[in-house]
Amino acid sequence: DEGADTFVATTILKYGLPMHSDGLNHTMPYADIFDGVFVYRTWIPYYFQSISLYFFGKNTFAARLPFAVAGFFSIWGLYHLTIRLTQEKSVAVFATTFLATCVPALLYFRTARYVAIPILLTPILLSFYIDIFENKKWNPIPFTITSIIFFHTMYVEFAGLIIGMLIHLFIYRNEVTPDHLRKIKIPAAITALLCLPWLLFLPALSKNIAESYTSSSPNIDTSSLGYLKHFFGFLFQINNYILPLILVPFIFLLPIQKLHRRISLLLICSFFILLTASLHSISQLQYIAASIPILFILLGWINVHLFKSSIFQQSIFAVALIFSNFFHVAPLIPVKQILQPLRSDSKSSIYLQGVYQTFMREVKFKFIFLQYWGELANPYLGPLNKIVSFFETHGKKGETCYIDNELESLAFYTGFRMIHNSELTNKSIPDWIVLRGDQWALHSDKKASPLKKKLRFILRNNQYEQFELNAPVKRVNNSYEIQIHLFKSPISADKVYIFRRSDKI
């Protein structure tokens, strides 16, 4: 995903618009519905990234810098919003500390994708929204500008947040002056004018994307219950990594009368962010990243009021939440003990098998904050890192290459012209063939796929020199999703194979 999104950002440097192709390579052809113009996602993150690439060059630092900056300022944004909502500095300190030490968020802040920006924009937009309840004159311009930027960053999360705000405003409309209510029509009209036309692409996009997901994985639930399953999937991840759901009842048990309207805002917005995100084909935490700062305000508030009389107890509880997941998963441990493995003798059980395996993998005590610091002390090296290092001394820009996974990332670092799976034929003679994932076991006893048969034919009927790279076989270098992120460099007895066309040396 990082490689594909960064590739799209590089096309802006060439054409001024995000495109699916730069003339040499292309990406995400299933989403190409508008004559090559990239409309799969909204554009603001790509322009931020392209500006960074322009000034700092085509490298990992430049690709990730805008999102790291967004992460840094999200700490300030959350602190400012929490102070305004709760009027309690201690709640703000705990909320921002939880965000600054949240490993899923830290991974997003160093990811070359849009994911970090909603974490910044959510507290900013909420800050401008709560101004409407003040007696002083409300200026709709900051709210309007932020809304437009948010939509053109990640429109699904924006939709959830704005729906939550509108419902909250309807409930508490009697606490808003008539003049402020009238002014809402202006930002609503401007935002709709500059944002809603994008939705015209959605019907065709949704169909193509759904087909792409379902064809690539048997774990995609396309039934009518899929949305409900996604919603509970998000709750499961929130419980495990953000806010232990066992603490949620305290929101209603602790004295909230003074903050009722403000706490309601956080709860309503969080709910609708999750609800709209359930429209996605899969329930990954990145799709509800906008809810993370909201949930940490609630967690900070619970912490302060649960141990109202003792800053020491508040600090101890915060340390326990940061350094361990005891309060997150302890209630689920008994469930794990009584669950029985599902039978895998029918296709209908594939989805449930995936759910069962995820539950068993995730529900265990671990110390991911310490693991994260361990990764910083011993930088992660995956197969792609070593493949790129190999081509720094062996490859030449413009050469043709087939790699079975993460081709956009390799193209970014090498300047190769990549050959996609759909383009590979028996007549293809790439300068390089890299097998590090899906097609690695070319000569396994299992029935060969058509793609493997093509690769066998190409290697057998042309002159290639083989290299065995001291890198583990792994289809994905690493993931920014906490559930599958690796903190230690992988080790495998199986090594990456690289084939060089020898008749061109």
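The values are calculated or read from the model by the stated rules, or taken from the named source; none is laboratory data. Owing to the predicted nature of the structure, the values given are computational and were not obtained by experimental measurement. Methodologically, a virtual Cβ is constructed for each residue, glycine included, from the backbone with ideal geometry; neighbour enumeration extends over all protein chains shown.
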**Q.** Lone qualifier among PHE55, PHE94, PHE72 - being surrounded by fewer than 22 Cβ atoms within 10 Å (Cβ to Cβ), at pLDDT 95 or above, closer than 30 Å to GLU134 by Cα and in the same structural domain as SER212 (by TED's automatic domain parsing)
**A.** PHE72
Q: Among the residues of the range 326-350, count how many are within 28 Å of the chain's Cα centre (by Cα) and at pLDDT 70 or above.
A: 10
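Would you tally the residues in the range 306-335 being assigned to a loop (DSSP other than H, G, I, E, B), closer than 16 Å to GLN237 by Cα and among the small types (Gly, Ala, Ser)? Can you show your working first?
Going residue by residue through the range 306-335, those that are assigned to a loop (DSSP other than H, G, I, E, B) are 307-310, 324-325.
From what is left, the residues that are closer than 16 Å to GLN237 by Cα are 324-325.
Still in the running and among the small types (Gly, Ala, Ser): 324.
Selection size over the range 306-335: 1.
Return the residues of the range 128-152 that are closer than 15 Å to PRO45 by Cα and either without any contact (Cβ under 8 Å) to a residue 60 or more places away in the chain or in contact with a Lys or Arg (Cβ under 9 Å, 6 or more places away or on another chain) (or both); say none if nothing qualifies.
Narrowing the range 128-152 to residues closer than 15 Å to PRO45 by Cα: 146-152.
Within the range 128-152, THR146, SER147, ILE148, PHE150 meet the criteria.
I'd like to check something: does the range 354-366 contain any residue that is touching a Phe, Trp or Tyr at 6+ places or on another chain (Cβ under 7 Å), of a type in the set (Gly, Ala, Ser) and in contact (Cβ under 8 Å) with a residue 24 or more places away in the chain? Full working, then the answer.
Looking only at the range 354-366, we keep the residues that are touching a Phe, Trp or Tyr at 6+ places or on another chain (Cβ under 7 Å), and these are 365.
Now drop any that are not of a type in the set (Gly, Ala, Ser), which leaves none.
Checked the range 354-366: no residue is touching a Phe, Trp or Tyr at 6+ places or on another chain (Cβ under 7 Å), of a type in the set (Gly, Ala, Ser) and in contact (Cβ under 8 Å) with a residue 24 or more places away in the chain.
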Q. How do the strands (runs of 3 or more DSSP E) wholly within the range 399-483 filter down when requiring 2 or more residues that are among the polar types (S, T, N, Q): which remain?
A. 464-472
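Here's the yes/no breakdown for (1) in contact with a Ser or Thr (Cβ under 7 Å, 6 or more places away or on another chain); (2) among the charged types (D, E, K, R); (3) closer than 30 Å to ALA320 by Cβ:
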position: LYS89; (1), (2), (3): no, yes, yes
position: PHE94; (1), (2), (3): no, no, yes
position: THR111; (1), (2), (3): no, no, yes
position: LEU120; (1), (2), (3): yes, no, yes
position: TYR129; (1), (2), (3): no, no, no
position: SER147; (1), (2), (3): yes, no, no
**Q.** Residue check, ILE387 surrounded by 20 or more Cβ atoms within 10 Å (Cβ to Cβ), aliphatic (A, V, I, L, M), without any contact (Cβ under 8 Å) to a residue 60 or more places away in the chain and touching a helix residue (DSSP H, G or I) at 6+ places or on another chain (Cβ under 9 Å)
**A.** no
Q: For residues that are without any contact (Cβ under 8 Å) to a residue 40 or more places away in the chain and either assigned to a loop (DSSP other than H, G, I, E, B) or buried (at least 18 other Cβ atoms within 10 Å of the Cβ) (or both), tally how many sit in the range 7-25.
A: 10
